[in-house]
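Peer 1: A single structure is presented below for examination.
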Amino acid sequence: MLIYLLAFAILALAFATYFLLLRRKPTGPQKRIYHGYVQYLDDDGEWQYEHRRVAEEKVGGQIHKGRVVHHIDGNRQNNDPKNLRVMPASKHKRMHKRIRWAKKHKRRGEE
Ligand SMILES: [Zn+2]
C-alpha cells in the first residue's frame, strides 16, 4: 500500500514540476516599440535603443553623441547588423533629404 502512495506522490510531483515549467513565461529581455524603433530594458531599468547597441557591437565601440545609426532598408525595426550604418548626424540628415527627394520624383535613390 505504501508503495502506491509513494509512486503517486512522485508522479504528482513530476506533473507539478512539468506544468510549472511549461507555464513559466519566457524570460528574455523586455522590449517595446518606441517612435517606430525597438527599445530594450537595460540592467539599470532604462529603455535603450536596440539599433544603437547592435551598431556598437558591429563597430566594436561606443557610438558618440554626434553620430547616428541609419537603417539602410528604411525599416526602423530591422536591426540586422548588415542593415545598420553609423554616420555623422549632419550627413544622415542630408542623405534622408535626398531619399525623400528621390521618392517624391519617383526615382530610385539609395534607401
Ligand atoms: Zn536614416
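Peer 1: When Lys and Arg each count +1 and Asp and Glu each count -1, what net charge do the other residues less than 15 Å away from residue 34, Cβ to Cβ, add up to?
Peer 2: Summing Lys/Arg as +1 and Asp/Glu as -1 gives +2.
Peer 1: What ranking of 59, 38 emerges when the number of other C-beta atoms within 10 Å of each C-beta is taken as an exposure proxy, fewest first?
Peer 2: Lowest count first: 59, 38.
Peer 1: Please enumerate, by chain and number, the lysines with C-alpha under 25 Å from the C-alpha of residue 91, excluding those fewer than 8 residues away in the same chain.
Peer 2: By straight Cα distance, residue 91 reaches 58, 65, 82, 103, 104, 106.
Peer 1: Same structure again: Using only Cα atoms and rounding to the nearest 10 degrees, what angle (0 to 90) does helix 89-104 make with the longest principal axis of the chain?
Peer 2: So the inclination is approximately 80 degrees.
Peer 1: Using the count of nearby Cβ atoms within 10 Å as a rough guide to exposure, how do 1, 95 rank from fewest to most? Provide the component values of the computation, followed by the final result.
Peer 2: Numbers: 1 5, 95 16.
In increasing order of surrounding Cβ atoms, one gets 1, 95.
Peer 1: Ok, one more. Determine, for 63, 72, the number of other Cβ atoms within 10 Å of each Cβ, and report the residues in order from fewest to most.
Peer 2: Working: 63 17, 72 13.
By the 10 Å Cβ count, ascending: 72, 63.
Peer 1: Another question about this same structure. If Lys and Arg each add +1 and Asp and Glu each add -1, what is the summed charge of the other residues whose beta carbon sits under 11 Å from the beta carbon of residue 47?
Peer 2: -2
Peer 1: If you don't mind, there's one more thing I want to ask. Compute the distance in nm between two label points, each set 7 Å from the Cα along the Cα-to-Cβ direction, one at residue 75 and one at residue 10.
Peer 2: For residue 75 paired with residue 10, the spin-label model returns 5.1 nm.
Peer 1: A follow-up question, please. With each run of n ≥ 4 DSSP H residues scored as -39500 (n - 2.57), what mean residue ellipticity at 222 nm is computed for the chain after dividing by its residue count and rounding to the nearest 500 deg cm²/dmol?
Peer 2: On the way: 3 runs with 48 residues, N = 111.
After summing the helix terms and dividing by the residues of the chain, the value is -14500 deg cm²/dmol.
Peer 1: Helix 50-59: angle to the longest alpha-carbon principal axis of the chain, degrees 0 to 90, nearest 10?
Peer 2: With both axes taken from Cα atoms, the answer is about 70 degrees.
Peer 1: Write out the chymotrypsin sites (Phe, Trp or Tyr not before Pro) in region 8-80 meeting two conditions: DSSP loop, and at most 16 other Cβ atoms within 10 Å of their Cβ.
Peer 2: Sparse-neighbourhood loop chymotrypsin sites (Phe, Trp or Tyr not before Pro): none present.
Peer 1: How far apart, in nanometres, would the label points at residue 101 and residue 85 be if each is projected 7 angstrom from Cα along the Cα-to-Cβ direction?
Peer 2: Taking the simple label geometry, residue 101 and residue 85 are separated by 1.6 nm.
Peer 1: Does anyone have the angle between helix 2-23 and the longest principal axis of the chain? Alpha-carbon axes, 0 to 90°, nearest 10?
Peer 2: 10
Peer 1: Here's a follow-up. Treating the chain as a set of equal point scatterers at the Cα positions, no solvent, please give the Debye-formula log₁₀ I(q)/I(0) at q = 0.23 Å⁻¹.
Peer 2: Rounded to two decimals, the profile gives -1.27.
Values in this text are rule-based calculations from the coordinates and carry no lab data. Owing to the predicted nature of the structure, the values given are computational and were not obtained by experimental measurement. Heads up, the Cβs are rebuilt from the backbone with ideal geometry, glycines too, and the neighbour counts pull from every protein chain shown.
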